[in-house]
Every structure is written in structure tokens, then in C-alpha cells.
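**Q** For reference, the structure I am asking about is given below.
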Amino acid sequence: MRVDIISIFPEYFAPLDVSLIGKARERGILDVRLHQLRDWAHDVHRTVDDTPYGGGPGMVMKPGPWGEAIDAVLATGPAEPPRIIVPTPSGVPFTQRLAMEYAAEPWLLFTPARYEGIDSRVMAEYGARTRVDEVGIGDYVLAGGEVAVLVMVEAVGRLLPGVLGNARSAVDDSFAPGAMENLLEGPVYTKPPEWRGHEVPEVLLSGHHGKIARWRRDEALRRTAGNRLDLLAALDPASLDEHDRRLLKELGFPS
Ligand code: 6GU
């Protein structure tokens, strides 16, 4: 997969050299190309922002440099343009579903903005030629879209074939489609069996795969009920067995 990122802070993406994503790049699974937006600003100060029409606080990113930068990136690739992802707290929520959708694309272009965002005509211009998604990563405001791009590239990159050592690790993720969809993963343990007086739950040492699976599902339900009432409410009742319903009742959530 090819990933282009246009930003006024390309140095923000140094973490993409490291760990899982760094390894994927070394191995040629992921081709990340960084671009300095100011290379397409032509005044002496290389200005990329201006005051908002209609007034109000903050600055808006000018369409000119973005248009030239995006055109230049598009010209270096195949005729089929990339999917363009514009990070913004006002976008649709980034979810595991969207990460999986992006992982199936051959080419992504991220356009992280600073200030109050990018002049909306840039999204209109490229939206007529390719898919342009305005995407946010949560209900809080960051100083710019760069960290959101790091989040998305990591979530997408680990789904690419050959990136995870164990292909099952992505299948079992919280939020991954499947039997445990919409349940959070429960607690995990490793050796030693006792640490500072805390013991590993007996069942995990039993070797009884059926009991272990049932225990893990109980813990997933407990954690989901404790931390994410929104996910609990969204559970399909048909996905709950008799044991699930009894546990939820014990936890104070009668179906
Ligand atoms: Cl994508 N950008 C910014 N600046 N803040 C955010 C965000 C994005 N997602 C959540 N908060």
C-alpha cells in the first residue's frame, strides 16, 4: 500500500520509522511518502493560512498550496487517484471498520491541517474526482491532524497482509467483526503464575479450552458493561446466549 502525507510538519511522522510500521516499510509492504505543504507556498514567508471569511477566531488553510500539493502528489501515481483522508474533529468517526476499508485500498493520501482547518473548496474540488473522507479520531480537539494521521496509519498498517506476526491477532481485536464483535477484550496474563501475591485466574492454567473461552467471554462482557455502555446497548440480543444473559443480569443489566 502506498500512503502519502502532506503536512507543514513532516517531522511529526518520525514514529512511522519505528516498530511494526517501520518494519512494514523496510519490507516494502507500506510505502509512506511525506511532503512539506510549504513547498507549494510561493510568497517569501511561505504562507499557508489566512483569516476566515465571515470572521471568527483562528486561521484557515489557503486552498492554493493544498491544490498544488495534491496535484503534484496525484501526478506521481497511477491514473486511479488515491482515497483522500482529511483529518478533522468534525469528520465521521474513525473505527475499526473504516481501518479495514482503508487497508483494502491501494493508495491513501492524508492531508492533516493545523489552525481551524482547510478551505472547504479543496474537499469539493477533489471530491469530484475521488473519494474524500473527512474523519475524526474521537470527541476531543487536537492542535492539528498529524497525530490523528499517526493513529490511522498505525491502525491501517497493522491490518496489511504480512505486517502482524500472528495473523490471528487482528481477527481477535476488540471491534473486529466476528463472534466477539462489539465486546471489549478482557484482561490478559503471562508468567509467573503468582506475582506480588496476585494470582493468574485458575481457569487460564487449566488447559480446558472450552472453559477458557467461556471465561474470556464473561470478562469481555464485564469489561464492556463497566467501560462502554454504548457498546453494551448496541449488542444484538440474538448474539447473547443463556449464560451471557444471566451474567448481565448479575451485573445489573437485565435484558
Ligand atoms: Cl482528525 N484533528 C484534530 N485537530 N482534532 C481531532 C481530530 C482530528 N480527531 C479528534 N480530534
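**Q** Using r as the Cβ-Cβ distance of VAL44 and VAL92, and R0 as 30 Å, what FRET efficiency do you calculate, to the nearest 0.05?
**A** Step by step, r from the Cβ atoms, then E = 0.20.
**Q** Put a dot 7 Å past each Cα toward the Cβ at ARG228 and ASP139; how far apart are the dots in nm?
**A** For ASP139 paired with ARG228, the spin-label model returns 1.5 nm.
**Q** So, one more: Evaluate the relative contact order of the range 9-166 (contact order divided by residue number), counting alpha-carbon pairs under 8 angstrom at least 6 apart; express in whole percent.
**A** 28 percent
**Q** Please give the length that would be gained between THR190 and SER169 if that part of the chain were fully extended, namely 0.36 nm times their separation in residues minus their C-alpha to C-alpha distance (nm, one decimal).
**A** 5.9 nm
**Q** Straight-line reach from LYS23: which lysines have Cα under 29 Å away, leaving out those fewer than 8 places along the same chain?
**A** LYS191
**Q** Tilt of helix 209-227 relative to the longest C-alpha principal axis of the chain, in degrees (0 to 90, nearest 10)?
**A** Computed tilt is about 60 degrees.
**Q** Could you provide, to the nearest whole Å², the per residue accessible area of the range 3-69 with probe 1.4 Å?
**A** I get 55 Å² per residue for the range 3-69.
**Q** Whenever you get a sec, line up GLU146, GLU134 from highest to lowest accessible area (probe 1.4 Å, protein heavy atoms).
**A** Ranking GLU146, GLU134 by accessible area, largest first, yields GLU134, GLU146.
**Q** Further, regarding this structure: For the range 158-205, which trypsin sites (Lys or Arg not before Pro) are in a loop by DSSP, counting at most 14 other Cβ atoms within 10 Å?
**A** ARG196
**Q** For the chain, modelled as a GNM with alpha-carbon contacts under 10 angstrom, which of ALA234, ALA99, ALA24 fluctuates the most?
**A** Greatest mean-square fluctuation among the candidates belongs to ALA234.
**Q** Of all the accessible heavy-atom surface of the chain, with the other protein chains kept in place and a 1.4 Å probe, what percent is carbon and sulfur?
**A** Carbon and sulfur atoms account for 55 percent of the accessible area of the chain.
**Q** Per residue, how many Å² of accessible area does the range 100-231 show with a 1.4 Å probe?
**A** For the range 100-231, the solvent-accessible area averages 59 Å² per residue.
**Q** Find the percent of Cα-Cα distances in the range 1-89 that exceed 24 Å, and round it to a whole number.
**A** Here the long-distance tail beyond 24 Å is 32 percent of all Cα pairs in the range 1-89.
**Q** On a 0 to 90 degree scale, rounded to 10, what angle separates helix 63-75 from the longest Cα axis of the chain?
**A** Between helix and principal axis, roughly 70 degrees.
**Q** When the scattering of the range 112-197 is computed by the Debye formula from its Cα atoms alone, each counted once and equally, what is log10 I(q)/I(0) at q = 0.13, 0.25 Å⁻¹?
**A** For the range 112-197 at q = 0.13, 0.25 Å⁻¹, log10 I(q)/I(0) is -0.72, -1.22.
**Q** Filter the trypsin sites (Lys or Arg not before Pro) in the range 1-69 down to the DSSP loop ones having no more than 16 other Cβ atoms within 10 Å, then list what survives.
**A** Within the range 1-69, the qualifying trypsin sites (Lys or Arg not before Pro) (loop, at most 16 other Cβ atoms within 10 Å) are ARG27, ARG46.
**Q** Charges on Cβ only, +1 for Lys and Arg, -1 for Asp and Glu, centred on the Cα centroid of the range 73-232; of ALA170, PRO193, TYR126, which one is farthest towards the dipole's positive end?
**A** About the Cα centre, the residue reaching furthest to the positive side is PRO193.
**Q** Using helices alone, what [θ] at 222 nm do you get for the chain, with -39,500 (n - 2.57) per DSSP H run of 4 or more residues, divided over all residues and rounded to the nearest 500?
**A** Result for the chain, helices only: -10000 deg cm²/dmol.
**Q** Here is a further query. Where q = 0.11 Å⁻¹, what log10 of I(q)/I(0) comes from the Debye formula for the chain, counting one point per Cα?
**A** These q points yield log10 I(q)/I(0) values of -0.74.
**Q** Hey, if we sort ASP17, ASP244 by accessible area with the 1.4 Å probe, largest down, what's the order?
**A** ASP17, ASP244
**Q** Can you pull the accessible area of MET123 for me, 1.4 Å probe, Å² to the nearest 10?
**A** 30 Å²
**Q** Also, quick follow-up: If the only charges are +1 at each Lys and Arg Cβ and -1 at each Asp and Glu Cβ, what is the size of the charge dipole of the chain around the Cα centre, to the nearest 20 debye?
**A** Here the chain has a charge dipole of around 620 debye.
**Q** Okay, next question. Starting from the residue with the highest accessible area, list TYR140, TYR102 in decreasing order, probe 1.4 Å.
**A** Largest to smallest exposure gives the sequence TYR140, TYR102.
**Q** What percent of all Cα-Cα pairs in the range 47-178 falls into each 10 Å bin, going from 0 up to the bin containing the maximum distance?
**A** For the range 47-178, the binned pair fractions read 11, 38, 33, 14, 3, 0 percent.
**Q** According to a simple spin-label model (label point 7 Å from Cα along Cα-to-Cβ), what is the distance in nm between ALA128 and LYS23?
**A** Going by the 7 Å Cα→Cβ label model, 4.6 nm.
The values are calculated or read from the model by the stated rules, or taken from the named source; none is laboratory data. Computed from a predicted structure; not experimentally measured. Counting neighbours? That spans all protein chains shown, and the Cβs are built from the backbone with ideal geometry, glycine included. Only protein heavy atoms, including side chains, enter the accessible area calculation; ligands, DNA and RNA are left aside. Shrake-Rupley method; radii C 1.70, N 1.55, O 1.52, S 1.80 Å.
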